[in-house]
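The values are calculated or read from the model by the stated rules, or taken from the named source; none is laboratory data. Note that the structure is predicted; figures quoted are calculated from it, not measured. Neighbour counts run over all protein chains shown; Cβ positions are idealised from the backbone, glycine included.
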Amino acid sequence: MHIAVCDDNKLFLEGFEEQLRELSIIEAVFSFSDYNAFLFSVDDGKQYDAVLMDIDWNRDLTGMDIAEEIYKLNPRTKIIFVTGNSDRFSQQIFLCKANLSGYLTKPVNSELLYANLKKIADTIPYEAQPTLVLSQRGMPISISAREIFYIESRGHTVEVHTSESTIRAYERLEVILEMLPAGFCRCHKSYIVNMNCIRRFESNDVLLKNGESIPVSRARYAETKEAYFSFMGRKF
């Protein structure tokens, strides 16, 4: 998902952006400390799956006013309000004409944040969600590409490691790579990694957002790193 975060507290914004980047379902995060800059981006045609909006901007407009403007420009965009003053706004938010999907208080609980965003991800049209289709015991199985952390080759089988489970199937890694959307890279002869799930590069491997590490071969290290930075650069 492509997420916009809007908050005039730059210190909170920086930490919240980092918190969001830890989530595997997030493909890109765009941060705004000025609501005019955010509205200009929407007016210019930028599409966001969800906007996490601070309510109290200490200015002439509130987050609810901005959410109503978003609704006029793109009524499909989901809004999650974020506030440090829940008592002040809790009775007003439902009067706001916006595509309201959630309400979070600061400091933001990571589990509630993921649950809110997962709810939104599940509403994105199926055709807009790339899937990997494999055969398991003669039956087709569809795996959402956004849920895959990495794929490992083990002899004549592959193991697809997702955020919730590991799926085993008979297939070759090079065939699977051709079936995957942009954002996947073969970092080792036995591994394909979802670049959206990389937290950082280390000397001989990459650390993923779920805490696991997978190897990067010496022959593919520079190529993998270049592919990663190129891919991430195109998203921002």
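How many of the residues making up the range 185-203 are more than 24 Å from T157 (Cα to Cα), of a type in the set (D, E, K, R) and not in a strand (DSSP E or B)?
1
Scan the range 15-37 for residues that are part of a helix (DSSP H, G or I) and charged (D, E, K, R) and report the count.
Residues meeting the conditions: 3.
Tell me, yes or no, whether the range 219-229 has at least one residue that is of a type in the set (A, V, I, L, M), modelled with pLDDT under 95, at negative phi and touching a Ser or Thr at 6+ places or on another chain (Cβ under 9 Å).
Among the residues of the range 219-229, not one is of a type in the set (A, V, I, L, M), modelled with pLDDT under 95, at negative phi and touching a Ser or Thr at 6+ places or on another chain (Cβ under 9 Å), which makes the answer no.
Select from the range 37-48 the residues that are surrounded by fewer than 17 Cβ atoms within 10 Å (Cβ to Cβ) and either closer than 18 Å to P75 by Cα or basic (K, R) (or both) and list them in ascending order.
Of everything in the range 37-48, those that are surrounded by fewer than 17 Cβ atoms within 10 Å (Cβ to Cβ) and either closer than 18 Å to P75 by Cα or basic (K, R) (or both) turn out to be F40, S41, D43, D44, G45, K46, Q47.
Look at the range 38-55 and say how many of its residues are under 21 Å from N109 (Cα atoms) and assigned to a loop (DSSP other than H, G, I, E, B).
Of the residues in that region, 2 qualify.
Does any residue of the range 204-213 turn out to be assigned to a strand (DSSP E or B), among the charged types (D, E, K, R) and surrounded by 15 or more Cβ atoms within 10 Å (Cβ to Cβ)?
The answer is yes; a qualifying residue exists.
I'd like the full set of residues that are under 18 Å from W57 (Cα atoms) and either outside any loop (DSSP other than H, G, I, E, B) or within 17 Å of the chain's Cα centre (by Cα) (or both), limited to the range 101-114.
Once the filter is applied, which keeps residues that are under 18 Å from W57 (Cα atoms) and either outside any loop (DSSP other than H, G, I, E, B) or within 17 Å of the chain's Cα centre (by Cα) (or both), the range 101-114 yields Y103, L104, T105, V108.
Check F16, F12, F30 and return the single one that is touching a His at 6+ places or on another chain (Cβ under 9 Å), in contact (Cβ under 8 Å) with a residue 60 or more places away in the chain, surrounded by 16 or more Cβ atoms within 10 Å (Cβ to Cβ) and among the aromatic types (F, W, Y).
That would be F30, the only listed residue that is touching a His at 6+ places or on another chain (Cβ under 9 Å), in contact (Cβ under 8 Å) with a residue 60 or more places away in the chain, surrounded by 16 or more Cβ atoms within 10 Å (Cβ to Cβ) and among the aromatic types (F, W, Y).
Tally up the residues in the range 146-175 that are in contact (Cβ under 8 Å) with a residue 40 or more places away in the chain, touching a strand residue (DSSP E or B) at 6+ places or on another chain (Cβ under 6 Å) and not in a strand (DSSP E or B), please.
Final tally of qualifying residues: 1.
Determine if the range 192-206 includes at least one residue that is more than 30 Å from L100 (Cβ to Cβ), more than 22 Å from the chain's Cα centre (by Cα) and among the basic types (K, R).
Within the range 192-206, none of the residues are more than 30 Å from L100 (Cβ to Cβ), more than 22 Å from the chain's Cα centre (by Cα) and among the basic types (K, R).
I'd like to know if the range 56-73 contains one or more residues that are assigned by TED's automatic domain parsing to the domain that holds N109, among the polar types (S, T, N, Q) and not in a loop (DSSP other than H, G, I, E, B).
no
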